[in-house]
1. Quick one: VAL2 ticks every box in (1) exposed (fewer than 14 other Cβ atoms within 10 Å of the Cβ); (2) touching a strand residue (DSSP E or B) at 6+ places or on another chain (Cβ under 6 Å); (3) not in a strand (DSSP E or B) bar one, so which box is it?
2. Starting from residues that are part of a loop (DSSP other than H, G, I, E, B) and touching a strand residue (DSSP E or B) at 6+ places or on another chain (Cβ under 6 Å), keep the ones in segment 53-85 and report whichever is nearest to GLN107 (Cα to Cα).
Amino acid sequence: QVQLVESGGGLVQSGGSLRLSCTASRSITYFYTMGWYRQALGKQRESVAVSTSGGTTNYLDSVKGRFTISRDNARNTVYLQMNSLKPEDTAVYYCTTQYMGKNYWGQGTQVTVSS
């Protein structure tokens, strides 16, 4: 079992920055992937950023150059640094990982970007 707890969401003006954190209940060192998804109101959940244990990262095209995913294995935490935020980034952001063949999700954190 893995529990994921997100924090760091909030209300920010367009052009501002936020850093989301996701802390796992066990060591993430050998978690092959950890990622962030988001779901805006009335839309499907979409992958925003993924980090592998080998150091590879992948991003949604619309956030490339603005968002950065990083992992701190010592703190069992993955971060999502979000810069130059836009109103269209408004969504609930979820942390996710896979462990022992099962997908785990955090409870989500709301990010609201005002224009």
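The values are calculated or read from the model by the stated rules, or taken from the named source; none is laboratory data. Bear in mind the structure is a predicted one, so any value in this text is a computation, not a measurement. Here the Cβ is made from the backbone with ideal geometry for all residues, glycine too, and neighbour counts use every protein chain on show. Note: accessible area is taken over every heavy atom of the protein model, side chains too, but ligands, DNA and RNA are not part of it. Shrake-Rupley method; radii C 1.70, N 1.55, O 1.52, S 1.80 Å.
1. (1)
2. Within segment 53-85, the first condition is being part of a loop (DSSP other than H, G, I, E, B), and the residues that meet it are 53-56, 60, 64-66, 76, 83-85.
Among the residues that remain, those that are also touching a strand residue (DSSP E or B) at 6+ places or on another chain (Cβ under 6 Å) are: 60, 76, 85.
On the way: LEU60: 21, ASN76: 17, LEU85: 22 Å.
In this case the residue turns out to be ASN76.
Per-residue answers, yes or no, for (1) in contact with a Ser or Thr (Cβ under 8 Å, 6 or more places away or on another chain); (2) more than 13 Å from LEU11 (Cα to Cα); (3) modelled with pLDDT under 95:
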{"residue": "THR57", "(1), (2), (3)": "yes, yes, no"}
{"residue": "SER62", "(1), (2), (3)": "no, yes, no"}
{"residue": "ARG66", "(1), (2), (3)": "yes, yes, no"}
{"residue": "ASP72", "(1), (2), (3)": "no, yes, yes"}
{"residue": "VAL78", "(1), (2), (3)": "yes, yes, no"}
{"residue": "VAL92", "(1), (2), (3)": "yes, no, no"}
{"residue": "SER115", "(1), (2), (3)": "yes, no, yes"}
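Residue-wise test of (1) open to solvent by 60 Å² or more (accessible area, probe 1.4 Å); (2) of a type outside the set (A, V, I, L, M, F, W, C).
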{"residue": "ARG19", "(1), (2)": "yes, yes"}
{"residue": "THR29", "(1), (2)": "no, yes"}
{"residue": "LYS64", "(1), (2)": "yes, yes"}
{"residue": "ASN76", "(1), (2)": "no, yes"}
{"residue": "LEU80", "(1), (2)": "no, no"}
{"residue": "GLY101", "(1), (2)": "yes, yes"}
